[in-house]
Amino acid sequence: MKNAFSILEIIISIIILSIIFISLSKLFFYFHQNEKKLDIFQKLYTLQNELYLNPKQKDITLHTQELKDLKFKEHYIENDLFKFKRLYIKDQNYTFYFLP
């Protein structure tokens, strides 16, 4: 009878330990998923800083019939996940002439 009780204790302790280790593995998996998301946010913020510090530039001219030509400067930067763009009007003179 004593051997049977010790086998029963071993089985119950194995079940309790397996429940504990399963919960710990799920906890570590959750932490790993959070770390991936934080890594994506970190890439996003570094790319945003890069856009303000040294972006790539491109000139854009918009030809319209009613207005004079509008000249823009586009600042952009991209990586494997994100692409940021920013537009500026070159001349800050916002007086456009409309045809009646």
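The values are calculated or read from the model by the stated rules, or taken from the named source; none is laboratory data. This is a predicted model, so every value here is computed, not measured. All Cβ positions, even for glycine, are placed from backbone atoms using ideal geometry, and neighbour counts span all protein chains on display. These area figures cover heavy atoms from the full protein model, side chains too; ligands, DNA and RNA do not enter into them. Shrake-Rupley method; radii C 1.70, N 1.55, O 1.52, S 1.80 Å.
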Subject >> Members of the stretch 52-61 found to be open to solvent by 80 Å² or more (accessible area, probe 1.4 Å) and hydrophobic (A, V, I, L, M, F, W, C), listed by number >> reply: Leu53
Subject >> Meets criteria (out of contact with any Gly (no Cβ under 6 Å at 6 or more places or on another chain), open to solvent by less than 100 Å² (accessible area, probe 1.4 Å), at negative phi and modelled with pLDDT of 85 or more) for Ser13 >> reply: yes
Original post:
Across the stretch 1-53, what is the number of residues that are touching a residue at least 40 places away in the same chain (Cβ under 8 Å) and of a type in the set (Phe, Trp, Tyr)?
Top reply: 0
Subject >> Odd one out for Thr64 among (1) modelled with pLDDT of 80 or more; (2) among the polar types (S, T, N, Q); (3) open to solvent by less than 100 Å² (accessible area, probe 1.4 Å) >> reply: (1)
Subject >> Near pairs, Cβ below 6 angstrom, 6+ apart or cross-chain, from the stretch 67-81 (closer than 16 Å to Leu53 by Cα) to any residue that is hydroxyl-bearing (Ser, Thr, Tyr) and surrounded by fewer than 14 Cβ atoms within 10 Å (Cβ to Cβ) >> reply: Lys73/Tyr88
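Here is a yes/no grid of residues against (1) at pLDDT below 85; (2) open to solvent by 90 Å² or more (accessible area, probe 1.4 Å); (3) of a type outside the set (Ser, Thr, Tyr); (4) more than 20 Å from Lys85 (Cβ to Cβ):
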{"position": "Lys2", "(1), (2), (3), (4)": "yes, yes, yes, yes"}
{"position": "Glu9", "(1), (2), (3), (4)": "no, yes, yes, yes"}
{"position": "Asn34", "(1), (2), (3), (4)": "yes, no, yes, yes"}
{"position": "Lys43", "(1), (2), (3), (4)": "yes, no, yes, no"}
{"position": "Leu47", "(1), (2), (3), (4)": "yes, no, yes, no"}
{"position": "Glu50", "(1), (2), (3), (4)": "yes, no, yes, no"}
{"position": "Lys68", "(1), (2), (3), (4)": "yes, no, yes, yes"}
{"position": "Lys71", "(1), (2), (3), (4)": "yes, yes, yes, no"}
